[in-house]
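This report refers to the structure that appears directly beneath it.
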Amino acid sequence: MNSSGEPFRRRIASNLLWTPQGVIRHPLVTFHAGGGFLVETCPAPDRLAATEFHAGLLVADFPTDYRTEFDRLKAAGGDLATLLPQTVTENGVWVVISALDYAALRLLPQSQIRLL
């Protein structure tokens, strides 16, 4: 699935990926050794060798002070589709947000964030 010909450094699959254009279901993100990445969809990532699976919502360009921003999002209690466009920054970090309400795309009291 590496269409660029560039060797991959890491491949991550998840339930959802948030993008400014909308949410992608069953994302497969391949990070290349040169620093770029490729987003595809893959409903069965467990069949791909060397693929990590992280349950939750992947978010690129989350602020580097990700824990503080995550606490702010939890306190706001709104729809992530509305809150994330106001949160993401250029050259931020990749995170996965887990234990959320997938149907409403809202954080729950038990939601967590992890740096990838």
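Key figures
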{"read-out": "Cα coordinate range in the chain, projected on the principal axes (Å, largest first)", "value": "43, 28, 23"}
{"read-out": "Accessible area per residue, Å², the range 39-116 with all protein chains present, probe 1.4 Å", "value": "56 Å²"}
{"read-out": "Kirkwood estimate for the range 75-116, i.e. one over the average of 1/r between Cα atoms, Å", "value": "11.1 Å"}
{"read-out": "The chain - percent of accessible surface contributed by carbon and sulfur, probe 1.4 Å", "value": "51 percent"}
{"read-out": "Bridge type composition, the chain - antiparallel percent by DSSP, nearest 5", "value": "80 percent"}
{"read-out": "Quarter of Cα convex hull surface for the range 1-61, i.e. mean projection, nm²", "value": "4.1 nm²"}
{"read-out": "Residue-wise HN-Hα coupling along the range 8-16, computed from phi with Karplus coefficients 6.51, -1.76, 1.60 (Hz; x: Gly, Pro)", "value": "8, 9, 7, 10, 10, 10, 7, 6, 9"}
{"read-out": "C-alpha long axis of helix 66-76 to longest principal axis of the chain, angle in °", "value": "50 degrees"}
{"read-out": "Vicinal HN-Hα couplings computed from phi for the range 77-89 (Karplus, 6.51 cos²θ - 1.76 cosθ + 1.60; Hz; Gly/Pro x)", "value": "x, x, 6, 5, 4, 8, 7, 5, x, 7, 9, 5, 9"}
{"read-out": "Per-residue HN-Hα couplings for the range 38-50 [Karplus 6.51, -1.76, 1.60; θ = phi - 60°; Hz; x = Gly/Pro]", "value": "10, 10, 9, 10, 8, x, 10, x, 5, 8, 9, 5, 6"}
{"read-out": "Relative contact order (%) - the range 8-77, alpha-carbon pairs under 8 angstrom, separation at least six", "value": "33 percent"}
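The values are calculated or read from the model by the stated rules, or taken from the named source; none is laboratory data. Only a predicted model underlies this, so the values are computations on that prediction, with no experimental measurement involved. Accessible surface is based on the protein model in full, side chains and every heavy atom, while ligands, DNA and RNA are left aside. Shrake-Rupley method; radii C 1.70, N 1.55, O 1.52, S 1.80 Å.
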